[in-house]
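A short write-up of the structure that comes next.
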Amino acid sequence: DAATGCPFVRQTTNHTAVVYLKFFDVCNAETRAAGHEKGILAVRTYNAPELAGSVWVDGLAARGVLCQKTPPYEKGGTSMAERLFGILEPIARKLLVRAQLNDSFFLHAMTHAATILRHMVRKGDTRSRGHNFSGAAEDLSKFKAFGSPGWCRVPPQTRDSKAAPVSDKCAWLGVSTAGWLVVVGRGAAAKLVTTTQARFYETELLSVGV
């Protein structure tokens with residue numbers, strides 16, 4: 001289209017869906033080439049006509065890909081990202097209150113809340129988003145409770161001095177590629193530490209649950 005520079009704009013809905021499928025095939029091939037043998041397992045889109053028709057839906061089904069849709073758009077309503085933030089924010093604040101941590105750890109609480117929601121089956125779906133992405137269902141009972149108090153071994157490179165204690169009280173914040181992410185100390189003396197040796201006592205929280 002000369003006006004927009006997009007070759008498939010103002011074409012028929014079916015033609016647009018075919019172009020999207022071709023683009024999906026390219027992305028799926030690159031995903032497999034990157035080492036993900038199963039490729040793309042699920043696609044979640046909004047409810048545009050070209051993405052709600054039989055060409056797109058049946059095309060994904062023929063490729064063995066799960067097709068998901070966002071909730072129908074409501075005039076005057078907020079976007080999906082804004083609605084999700086409205087769900088995550090109160091959960092994150094409750095996690096901080098329960099763990100007795102200040103607002104400087106708000107993003108860690110938001111990340112934990114998003115992780116839990118990603119592994120929960122949403123209304124209308126048969127599998128969670130995490131299940132669709134990884135191909136395996138996640139056991140939420142294995143998740144650590146945010147802010148769980150415990151003791152951890154502080155790595156030598158993060159100790160304040162040679163005379164600093166090897167172990168210290170901590171609170172669980174999340175998981176990194178190198179181990180558990182914990183906070184050692186409180187207030188101005190608080191610092192983030194990544195450790196692989198720790199023990200947490202979730203029963204000491206103000207309430208139970210992830």
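I need the full set of residues from the range 172-210 which are of a type in the set (Asp, Glu) and at pLDDT below 75, in order please. Before you say what the answer is, go through the steps one by one.
So in the range 172-210, the residues of a type in the set (Asp, Glu) come out as 202, 204.
Listed by number, the list holds a single entry, Glu204.
The single condition among (1) of a type outside the set (A, V, I, L, M, F, W, C); (2) part of a helix (DSSP H, G or I); (3) open to solvent by less than 50 Å² (accessible area, probe 1.4 Å) that Ser141 does not satisfy is (3).
Quick check on my filter: what residues within the range 50-64 are in a helix (DSSP H, G or I) and within 18 Å of Thr126 (Cα to Cα)?
Initially, the range 50-64 is screened for residues in a helix (DSSP H, G or I), giving 50-52, 54-62.
Passing the criteria: Val57, Leu60, Ala61.
Every condition in (1) open to solvent by 60 Å² or more (accessible area, probe 1.4 Å); (2) at pLDDT 85 or above; (3) not in a helix (DSSP H, G or I); (4) not polar (S, T, N, Q) is met by Cys67 except one, and the failing one is (1).
Of all residues in the range 101-127, those that are farther than 15 Å from Val182 by Cα and open to solvent by 70 Å² or more (accessible area, probe 1.4 Å) have Cβ atoms under 9 Å from Cβ atoms of residues that are assigned to a helix (DSSP H, G or I) and of a type outside the set (D, E, K, R), 6 or more apart or on another chain, in Asp103/Leu96; Arg118/Gly130; Arg118/Phe133; Met120/Gly130; Met120/Leu140; Val121/His131.
The values are calculated or read from the model by the stated rules, or taken from the named source; none is laboratory data. Values in this document were obtained by computation on a predicted structure and should not be read as measured data. A quick note on method: Cβ atoms are made from the backbone with ideal geometry, for glycine too, and the neighbour counts reach across all protein chains shown. Surface areas here come from the heavy atoms of the whole protein model, side chains and all, with no ligands, DNA or RNA. Shrake-Rupley method; radii C 1.70, N 1.55, O 1.52, S 1.80 Å.
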